[in-house]
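*Asks:* Attaching a single structure in structure tokens format; questions to follow.
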Amino acid sequence: MKELHKMKIALIGLGDIAQKAYLPIAANHPKVDPILCTRNKHVLNQLAIKYRIDKVFTDVDELIKTRPNAAMVHSATDSHYDYISKLLHAGIPVFVDKPICYSLSASEELLNLATKKQKLLYVGFNRRFAPLIASLKNEENPIQIFWQKNRINLPGDLRAFIFDDFIHVVDSLLFLAKGSVDNMSVFSKIQDDKLESIQVQWQQNGTLLNGTMNRVSGITEERVEYYSNGNKWEIRELVTGFHSKNAQQYPIHIDPWKSTLYKRGFIDMFEDWLSALELEANQFNMNRIEDIWKTHNLCETIVNSVSKN
């Protein structure tokens with residue numbers, strides 16, 4: 001039997017999200033030969049032993065010299081610009097956890113660099129691939145979409161709040177809607193120079209979008225309501241909910257045997273990343289760049305609106 005060719009994919013930054021989501025998928029994927037990179041030698045050794053990975057690095061520059069087929073950047077947002085810039089200049093396609101950077105201008109520089117180098121820059125928005133969310137994309141003519149994501153005791157810096165967290169809500173609403181953003185309104189509450197809550201509303205092609213986040217809530221939760229003519233879908237925590245029609249309510253859920261990583265979209269997103277690597281090796285997809293820009297641009301608009309008020 002012919003041996004399957006594996007892609008050498010480096011994982012840079014091996015913190016909580018990398019260990020919970022990406023490393024378990026990459027280390028067990030038949031198409032991937034993972035490479036680990038972190039400055040934390042203790043973590044590096046632990047994970048190398050756990051997943052039986054022998055290609056490990058503590059320095060990104062040394063990693064780049066080995067010419068991996070692609071890299072996944074899971075480090076803190078402040079480090080994204082430096083790592084992504086080095087990788088793209090070296091001609092290495094990049095996956096990065098949202099956001100690219102904390103500002104639109106820095107994100108644009110990297111998007112422009114990816115375009116100039118004709119190399120894939122893929123931003124990980126797992127909610128697009130959560131099965132119950134992805135299924136809503138197929139529903140036609142939404143009238144109203146409401147997305148709420150709350151946390152407990154986490155007021156934060158304005159840019160970090162919007163770009164690190166609320167960007168999930170922004171991107172998900174843009175993903176489910178069609179057309180240009182019109183008639184946007186932003187309402188926020190700041191206490192002691194920390195953003196506590198935000199509500200953003202806009203329209204796209206007749207669809208009313210409403211996204212909210214309260215980070216001084218009494219519970220961590222996520223809820224989506226999607227309305228079309230005669231229908232309502234309500235999804236909680238991405239994995240369960242109801243479809244209401246003709247005054248009847250029908251439960252919707254995912255096979256309980258499916259893994260949490262599948263239910264939350266990480267597995268399908270990883271497969272999409274691998275497919276994009278293969279496709280864009282032959283033809284660069286400018287639509288992907290524009291799609292990423294729209295999300296970061298809207299986040300920047302929201303930050304500016306809160307700052308002015």
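Where a number appears in this text, it was derived from the coordinates with a stated rule and is not lab data. These figures come from a predicted structure and were not determined experimentally. Because the Cβ atoms are built from the backbone with ideal geometry, glycine has one as well, and the counts that use them run over all protein chains shown.
*Asks:* For Ala71, what charge total do you get from the other residues with a beta carbon under 10 Å from its beta carbon, if Lys and Arg give +1 and Asp and Glu give -1?
*Replies:* Working: positive: Lys8, Lys86; negative: none.
Neighbourhood net charge equals +2.
*Asks:* What's the extension gain from Lys178 to Lys65 if we count 0.36 nm per residue and subtract their Cα-Cα distance?
*Replies:* 36.5 nm
*Asks:* Give, rounded to the nearest 20 debye, the magnitude of the charge dipole that the chain has about its Cα centre when Lys and Arg contribute +1 at Cβ and Asp and Glu contribute -1 at Cβ.
*Replies:* 580 debye
*Asks:* Select from Asn112, Ala130, Leu173 the residue farthest towards the positive end of the dipole of region 55-179; place +1 on Cβ of Lys and Arg, -1 on Cβ of Asp and Glu, and compute about the Cα centre.
*Replies:* Value computed over the given set: Ala130.
*Asks:* Taking a 22 Å limit on the Cα-Cα distance, which of the listed pairs Lys50/Lys119; Lys8/Lys117; Lys149/Lys245; Lys20/Lys98 fall beyond it? Mind showing how you got there, number by number?
*Replies:* On the way: Lys50/Lys119 32 Å; Lys8/Lys117 20 Å; Lys149/Lys245 25 Å; Lys20/Lys98 16 Å.
Cα-Cα > 22 Å for Lys50/Lys119; Lys149/Lys245; rest within.
*Asks:* Which of (i) 45; (ii) 35; (iii) 39 is the computed percent of Cα pairs over 29 Å apart for the structure on display?
*Replies:* Computed from these coordinates, percent of Cα pairs over 29 Å apart corresponds to label (iii).
*Asks:* Taking Cα atoms of region 211-270, Rg/Rh with Kirkwood Rh, to two decimals?
*Replies:* That ratio is 1.03, to two decimals.
*Asks:* Residue separation times 0.36 nm, minus the C-alpha to C-alpha distance between Asn304 and Asn141: what's the value? Mind dumping the intermediate values first?
*Replies:* On the way: separation 163, 0.36 × 163 = 58.68 nm, distance 3.06 nm.
That pair, Asn304 and Asn141, stretches by 55.6 nm at full extension.
*Asks:* In whole Å, how far is the Cα centre of region 161-217 from that of region 218-276?
*Replies:* 20 Å
*Asks:* Once the Cα gyration tensor of region 33-125 is diagonalised, what are the square roots of 5 times its eigenvalues, in whole Å and ordered largest first, as equivalent ellipsoid semi-axes?
*Replies:* On the way: eigenvalues 118, 41, 23 Å².
One finds semi-axes of 24, 14, 11 Å for region 33-125.
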